[in-house]
């Protein structure tokens, strides 16, 4: 980030209308630099560990010679907490306290709070002794399970290497070193597929295992196969490589060797990691892996050339021997015939050998494999479509049967409701007739009760039916009877 000059009383002053604009400006200038993209590594003493929502907030401190103390809060994301603690062999996060550790990670800037945070993705013991002890424990466990590679393999045991699956980070220097050291003629250059994975930090083992799983799934799904799998990473300190020391990763590599040989080239010449002890063949660096693969391919090329040369020399010796035996003038005619035949056979054999050599081309092989791959893919797509169609028909039949069953149930319910409706209509008709009959009876009987049949009411005072207002006085309580019930009332006055 370029510096902003400032002088009192001068014009080198940046003015902002709001605090938000000021913070956004800082964030913008930070993004113009690599500060938030860089990885940082430092050593500090852990003072306090505070778990929160699965993540760890680690307070570290360091004091200089002159007594100045610096403190920083480091955040370890919850998805990494368990991995890091297991890798360090710690049963509790509080075992980090009051010890010196090496931290790696990146800075983050939060505009809302105008604060920096350091997010760690790697925590390692200070010094190599703890790392070596942990590595030795894993080796002993692998030895008990007979997963260590006890045989020193050679690439000459394999067929010419034509297809390579590489597990690494696409930006890793080791990947570029590997690619630039595959030094073979273009027609013999192997096909290389990258399966990207993190090569540093707490997720390293988990991501490499995931890449191995993707490779096996691809090969079995499409019925193709890589000749080798290469796991590579450039050099680094012990703390950079310690997350390769993982039991589950070692076990997965050992299993994968039964399907495709796994080669490793992790670190520098003297570096060792657990994958090196279970790999089909380990190499000190990514460059060394590439050179050995190149030598294997060139070795097969030289072998073909030697076979052609040996065949030519053998035919020349055979012709000379026949010439000696047919030198007698009596066999001159026979000699000429045999010589012509032998020369013809020699030319055919040499031509065949040259054709065979020329056809020993990865380009042709790749085309053939590609056609097989396309054919297999096409067959698989046909099979998948057929299976999908069958499933669709089964789903359609199930849906149809379910709908028919539900429709039948609904029809039965409608039929029951129709019968119930008919019954209710009959009952209502009967009740209506009964009411009419009662009304007619009231009319015939006459008197005050007949008023009920015409929507009127009957007023009672005590047990006496009131027929005139003259029978009532102000303040008296009465009961008013209707055809559907009764109500109480008090006489407030008379007109």
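The values are calculated or read from the model by the stated rules, or taken from the named source; none is laboratory data. Because the structure is a prediction, the values reported are computed rather than measured. Reconstructed Cβ throughout: ideal geometry from the backbone, glycine too, with neighbour counts over all protein chains shown.
For the stretch 53-74, the candidate set comprises residues that are within 19 Å of residue 126 (Cα to Cα) and under 34 Å from the mean Cα position of the chain (by Cα); within that set, the residue that is surrounded by the most Cβ atoms within 10 Å (Cβ to Cβ) is 58. As a summary of the residue check, residue 110 satisfies the conditions (1) under 29 Å from the mean Cα position of the chain (by Cα); (2) surrounded by 13 or more Cβ atoms within 10 Å (Cβ to Cβ) except for the one numbered (2). Evaluation of residue 99 against the conditions (1) loosely packed, with under 13 Cβ neighbours inside 10 Å; (2) farther than 29 Å from residue 249 by Cα; (3) touching a residue at least 40 places away in the same chain (Cβ under 8 Å) shows that the sole unmet condition is (2). When you check residue 381 against the structure, is it modelled with pLDDT of 65 or more and either within 29 Å of residue 220 (Cα to Cα) or touching a helix residue (DSSP H, G or I) at 6+ places or on another chain (Cβ under 6 Å) (or both), yes or no? It is false that residue 381 is modelled with pLDDT of 65 or more and either within 29 Å of residue 220 (Cα to Cα) or touching a helix residue (DSSP H, G or I) at 6+ places or on another chain (Cβ under 6 Å) (or both).
Scanning the stretch 236-246 for residues that are surrounded by fewer than 22 Cβ atoms within 10 Å (Cβ to Cβ) and either without any contact (Cβ under 8 Å) to a residue 60 or more places away in the chain or touching a strand residue (DSSP E or B) at 6+ places or on another chain (Cβ under 7 Å) (or both) returns 236, 237.
For the stretch 182-205, the tally of residues that are surrounded by 18 or more Cβ atoms within 10 Å (Cβ to Cβ) and in a helix (DSSP H, G or I) stands at 3.
Looking at the structure I just gave you, is residue 161 at pLDDT 95 or above and either under 26 Å from the mean Cα position of the chain (by Cα) or part of a helix (DSSP H, G or I) (or both)? It is false that residue 161 is at pLDDT 95 or above and either under 26 Å from the mean Cα position of the chain (by Cα) or part of a helix (DSSP H, G or I) (or both). For residue 462, are the conditions met, namely being at pLDDT below 80, loosely packed, with under 13 Cβ neighbours inside 10 Å, over 26 Å from residue 434 (Cβ atoms) and out of contact with any helix residue (DSSP H, G or I) (no Cβ under 9 Å at 6 or more places or on another chain)? It is true that residue 462 is at pLDDT below 80, loosely packed, with under 13 Cβ neighbours inside 10 Å, over 26 Å from residue 434 (Cβ atoms) and out of contact with any helix residue (DSSP H, G or I) (no Cβ under 9 Å at 6 or more places or on another chain).
For (1) more than 23 Å from residue 252 (Cβ to Cβ); (2) at pLDDT below 75; (3) surrounded by 13 or more Cβ atoms within 10 Å (Cβ to Cβ), each residue gets a yes or a no:
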{"position": "265", "(1), (2), (3)": "no, no, yes"}
{"position": "268", "(1), (2), (3)": "yes, no, no"}
{"position": "280", "(1), (2), (3)": "no, no, yes"}
{"position": "293", "(1), (2), (3)": "no, no, yes"}
{"position": "307", "(1), (2), (3)": "yes, no, yes"}
{"position": "313", "(1), (2), (3)": "yes, no, no"}
{"position": "336", "(1), (2), (3)": "yes, yes, no"}
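Each residue in the stretch 165-181 was checked for being part of a loop (DSSP other than H, G, I, E, B) and either under 31 Å from the mean Cα position of the chain (by Cα) or buried (at least 23 other Cβ atoms within 10 Å of the Cβ) (or both), and 4 pass.
The one condition from (1) within 22 Å of residue 215 (Cβ to Cβ); (2) at pLDDT below 70 that residue 322 does not meet is (1).
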